1. Mind counting the residues in the stretch 12-29 that are small (Gly, Ala, Ser) and surrounded by 12 or more Cβ atoms within 10 Å (Cβ to Cβ)?
2. Checking the structure you have, find out if any residue of the stretch 310-327 is open to solvent by less than 20 Å² (accessible area, probe 1.4 Å), modelled with pLDDT of 95 or more, of a type outside the set (Asp, Glu) and closer than 22 Å to ILE258 by Cβ.
3. Show the residue pairs meeting these rules: Cβ distance below 7 Å; 6+ apart or different chains; first residue within the stretch 172-198 and assigned to a strand (DSSP E or B); second residue among the basic types (Lys, Arg) and surrounded by 21 or more Cβ atoms within 10 Å (Cβ to Cβ).
4. Mind listing whichever residues of the stretch 193-213 are closer than 22 Å to LEU151 by Cα and open to solvent by 20 Å² or more (accessible area, probe 1.4 Å)?
5. Looking at ARG48 and the list (1) touching an Asp or Glu at 6+ places or on another chain (Cβ under 9 Å); (2) under 23 Å from ASN158 (Cα atoms), which single condition is not satisfied?
6. Can you pull out the residues in the stretch 183-203 that are touching a His at 6+ places or on another chain (Cβ under 6 Å) and closer than 23 Å to ARG153 by Cα?
7. Quick check: is even one residue across the stretch 255-277 more than 30 Å from ASP360 (Cα to Cα), without any contact (Cβ under 8 Å) to a residue 40 or more places away in the chain and open to solvent by 60 Å² or more (accessible area, probe 1.4 Å)?
8. Taking the residues in the stretch 338-370 that are basic (Lys, Arg) and within 15 Å of PHE292 (Cα to Cα) as candidates, determine which candidate is most open to solvent (accessible area, probe 1.4 Å).
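The values are calculated or read from the model by the stated rules, or taken from the named source; none is laboratory data. Note that this is a predicted model, so its numbers are computed, not measured. Counting neighbours? That spans all protein chains shown, and the Cβs are built from the backbone with ideal geometry, glycine included. Accessible surface areas use protein heavy atoms only, side chains included; no ligands, DNA or RNA. Shrake-Rupley method; radii C 1.70, N 1.55, O 1.52, S 1.80 Å.
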Amino acid sequence: MTSVAHAAPPELRWDWNLRARHEQVDDEAFAREGALTTLRLRAGFDARLPRGFGVRLEGEGVLADDDRANTTANGRAEYPAIADPEGAEINQAFLRWEGTRMAATLGRQRINLDNQRWIGAVGWRQNEQTFDAAQIELKPAKDWQVRYAWLDRAHRVNGDRARDPLLRERALDTHLLNVAHTRGIQRWVGYAYLHEDRDVARASSATYGVRWNAGRVTEGRGWGLTVEAAQQRDYGGNPDDFAHGYWLVEPSITHAGIAWRAGWEHLGGNGRHALQTPLATLHAFNGWADKFTTTPPGGLEDVYAGAGGKLPRGLEWAVTWHHYRADAGGRYGREWDASLAFPVGRQVKGLAKIADYRSDGFARDTRKLWLQLEWSR
């Protein structure tokens, strides 16, 4: 009698995230205040298959009480924009293979590179930004990491119901190369991002840069420093001719458990055109009021200082001040941002967050408030 071998069934792992948020916007460019309450459920599973293969499938759905906000999908242009429209879609769906020194991912996926200044998933919005892409990750040696990705399409945070098709998704032919070397407390990164937007030719650009950071924090004391420089030029079918510089200098000091940081970020502009970061997690940079998600033609100089730390009972706080100027021109404005995160039971996290932008000639005074609860498993 012969025995028949059966392949082991796939190993499945489920996860989910539920996030409720209320966002309120008082923008003096509008006669009415905006307010939006949303509930987002993201759920998915990983299936681990033989020979290093795996599958990820993840969907998300957003419910919204959107009578007093322009979600970009409901046509309420008399209210300020809050880009969390109601809808449901596939967030990730990919096949992945992992070996000892190499991994490859094919399909719709989340891609975050470094601090997400150039490439990110925009995790702050209820609907993430994901990419139809092919990605290869290499570890040729212990201290080296190489990532290459080709992007075919970007699924944007505005979702599939946005009234402007260009806010829903973009057809791309974009190549991303990111090479990182870690040595002790130092990390060096070199990158080349060749971004071709097949829907909007003027959004195409080639960015080449170097990033370095180092630091050490132990027992609530330490230091850190990040320095980055890049150049962005026209690329692909872009009819414009430009070359803009980018740089970032950000030192930090931690003492008694409080992290103090300052920074100077420069996005070059000449008054007609400016450096852009269209695939970035934009909300994380240049203030939470989101006045500079598109860099003005005069460019941007953001000088900022802030602090953050932990308090008893699991509280976490952060405060940041920004001063904005043009690279070519005058002043834009100032902004204060503050947040307080707190636990609500074992599995729930709460967040209160505020942004207060004061205009010195660019846009209008704007105040934003967020209240949020998030469950994860």
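1. Keep residues of the stretch 12-29 that are small (Gly, Ala, Ser), which gives 20, 29.
Remaining after also requiring surrounded by 12 or more Cβ atoms within 10 Å (Cβ to Cβ): 20.
Looking only at that region, the number is 1.
2. Filtering the stretch 310-327 down to residues open to solvent by less than 20 Å² (accessible area, probe 1.4 Å) leaves 320, 322, 324, 326.
Still in the running and modelled with pLDDT of 95 or more: 320, 322, 324, 326.
Keeping just the survivors that are of a type outside the set (Asp, Glu) gives 320, 322, 324, 326.
If we keep only those that are closer than 22 Å to ILE258 by Cβ too, we end up with 320, 322.
Checking the stretch 310-327: at least one residue is open to solvent by less than 20 Å² (accessible area, probe 1.4 Å), modelled with pLDDT of 95 or more, of a type outside the set (Asp, Glu) and closer than 22 Å to ILE258 by Cβ.
3. Sorted first by the residue in the stretch 172-198, then by its partner, the pairs are VAL189/ARG211; ASP197/ARG170.
4. Step one: list which residues in the stretch 193-213 are closer than 22 Å to LEU151 by Cα, which gives 193-210.
Residues satisfying the conditions are LEU194, GLU196, ARG198, ASP199, VAL200, ALA201, ARG202, ALA203, TYR208, VAL210.
5. Just one mismatch for ARG48, condition (2).
6. Restricting attention to the stretch 183-203, the residues satisfying the condition of being touching a His at 6+ places or on another chain (Cβ under 6 Å) are 188, 194.
Across the stretch 183-203, the qualifying residue is only LEU194.
7. The initial filter retains those residues of the stretch 255-277 that are more than 30 Å from ASP360 (Cα to Cα), namely 255-258.
From the residues that got through so far, the ones that are without any contact (Cβ under 8 Å) to a residue 40 or more places away in the chain too are 255-256.
Checking the rest, the ones that are also open to solvent by 60 Å² or more (accessible area, probe 1.4 Å) come to 255-256.
Yes: one or more hits.
8. Of all residues in the stretch 338-370, those basic (Lys, Arg) come to 346, 349, 353, 358, 364, 367-368.
Adding the requirement that they be within 15 Å of PHE292 (Cα to Cα) leaves 358, 364, 367-368.
Values: ARG358: 89, ARG364: 115, ARG367: 61, LYS368: 21 Å².
Checking each candidate, the answer is ARG364.
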